[in-house]
Amino acid sequence: MLSSRGYFPAASVLAAAQNAYPTDAPRAPRANRVYDAHDAFACALVHPGLGPAVRAALVEATIGAEAPERGWRSRRKSFALFRWAAEHGHLDRSLLSAPLAERVEKEPPRGPKRPTLDPHPQGARGALACFAAVWPRFRQRLVSERKHESWFDYPGIADMGRTHAYACTSGCNAPWVQGVFDAMEHVLVHGDGEAQNLVVVGLMEAVQGWAYRAGEAGNRYEAKLGPHAAKAWADLIEGWTGDGIRTLDAWRRKA
């Protein structure tokens, strides 16, 4: 509101908007990240001291074809501000490039593209590649530990599985959480025996001990499994506990 009334110097507002997003690196340390970039962009779009041509140029530099690469959530928010400004008369559509002018009426882009998984994962390496494709932080760890020769497949996938289970049952809704469930299902359907074994013996066995003790949190994880993963999970429980015991609740009742 203050910016729309010209309360702040136009040059300062424009400079803040121009310099906000390029330094807003999603993988930068948290202490170095910018958290007011959207505010700066919005203030510049409504400031009366910035003419239509300046605002249009700012939009092009922020979300146009040549704009710096950013995470999809950040781009989506910037795009929402752009649409709001255009719809409320703060942008002259005739000054926008054709692609942006056409997108004024369209919904902002929906989420990231689904990662491409190996159609037929082979061995532990193929299975790990599927998990690395859907979970950027795990991919970074895998690359780093392999480089330093400190990665071991079964302990590593067990640790990854427990971290994923904690995130899932704590309410984390980042795309990688569902992505790991999808990767488990994919490997169990399309992977060879060695790849499937890494998921069942390496990942599921590690998570089941925690899930058994975790009560309702463990049940929530169990409910998220895809059909093939759920069958493998149930077979594993039955193998350890006896015929007909195929869920965490049944396992707990037996104990």
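The values are calculated or read from the model by the stated rules, or taken from the named source; none is laboratory data. Since the model is a prediction, treat every value here as computed from it, not as a measurement. So basically every Cβ, Gly included, is an ideal-geometry build from the backbone, and we count neighbours across all protein chains shown.
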What's the number of the condition Ala217 fails, among (1) in contact (Cβ under 8 Å) with a residue 24 or more places away in the chain; (2) within 23 Å of Gly126 (Cβ to Cβ)?
(2)
Report every pair of residues separated by at least 6 positions or lying on different chains whose Cβ atoms are under 9 Å apart, first residue within the stretch 148-166 and farther than 15 Å from Phe131 by Cβ, second part of a loop (DSSP other than H, G, I, E, B) and of a type in the set (A, V, I, L, M, F, W, C).
Tyr166/Cys172
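Here is a yes/no grid of residues against (1) outside the structural domain of Asn19 (by TED's automatic domain parsing); (2) within 20 Å of Phe8 (Cα to Cα); (3) not aliphatic (A, V, I, L, M):
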{"residue": "Leu45", "(1), (2), (3)": "no, yes, no"}
{"residue": "Gly49", "(1), (2), (3)": "no, yes, yes"}
{"residue": "Ala56", "(1), (2), (3)": "no, yes, no"}
{"residue": "Glu60", "(1), (2), (3)": "no, no, yes"}
{"residue": "Ser74", "(1), (2), (3)": "no, no, yes"}
{"residue": "Ala80", "(1), (2), (3)": "no, no, no"}
{"residue": "Arg83", "(1), (2), (3)": "no, no, yes"}
{"residue": "His88", "(1), (2), (3)": "no, no, yes"}
{"residue": "Arg93", "(1), (2), (3)": "no, no, yes"}
Of those in the stretch 175-197 that are of a type in the set (A, V, I, L, M) and either surrounded by 17 or more Cβ atoms within 10 Å (Cβ to Cβ) or outside the structural domain of Trp233 (by TED's automatic domain parsing) (or both), the residue farthest from Lys231 (Cα to Cα) is Val177
What are the pairs, 6+ residues apart or on separate chains, where a residue within the stretch 184-195 that is under 13 Å from Gly126 (Cβ atoms) has its Cβ under 8 Å from a residue that is of a type in the set (S, T, N, Q)?
Val187/Gln196; Leu188/Gln196; Gly191/Gln122; Asp192/Gln122; Glu194/Gln122; Ala195/Gln122
Sort out which residues of the stretch 1-58 are at pLDDT 85 or above and over 20 Å from Leu91 (Cβ atoms), and write them in order of number.
Pro9, Ser12
Residue by residue through the stretch 233-243, note down the ones that are out of contact with any Leu (no Cβ under 6 Å at 6 or more places or on another chain), of a type outside the set (Val, Ile, Thr) and buried (at least 16 other Cβ atoms within 10 Å of the Cβ).
Ala234, Leu236, Glu238
In this structure, does Gly156 turn out to be surrounded by 13 or more Cβ atoms within 10 Å (Cβ to Cβ) and at positive phi?
no
I need the full set of residues from the stretch 151-195 which are of a type in the set (S, T, N, Q) and either in contact with a helix residue (DSSP H, G or I) (Cβ under 6 Å, 6 or more places away or on another chain) or not in a helix (DSSP H, G or I) (or both), in order please.
Thr169, Ser170, Asn173
Evaluate the stretch 205-228: report whether one residue or more is in contact with an Asp or Glu (Cβ under 6 Å, 6 or more places away or on another chain) and closer than 25 Å to Pro119 by Cα.
yes
Note on Ser144: of the conditions (1) assigned to a helix (DSSP H, G or I); (2) in contact with a Pro (Cβ under 9 Å, 6 or more places away or on another chain), unmet is (2)
Of the conditions (1) at negative phi; (2) over 21 Å from the mean Cα position of the chain (by Cα), the single one that Gln178 does not satisfy is (2)
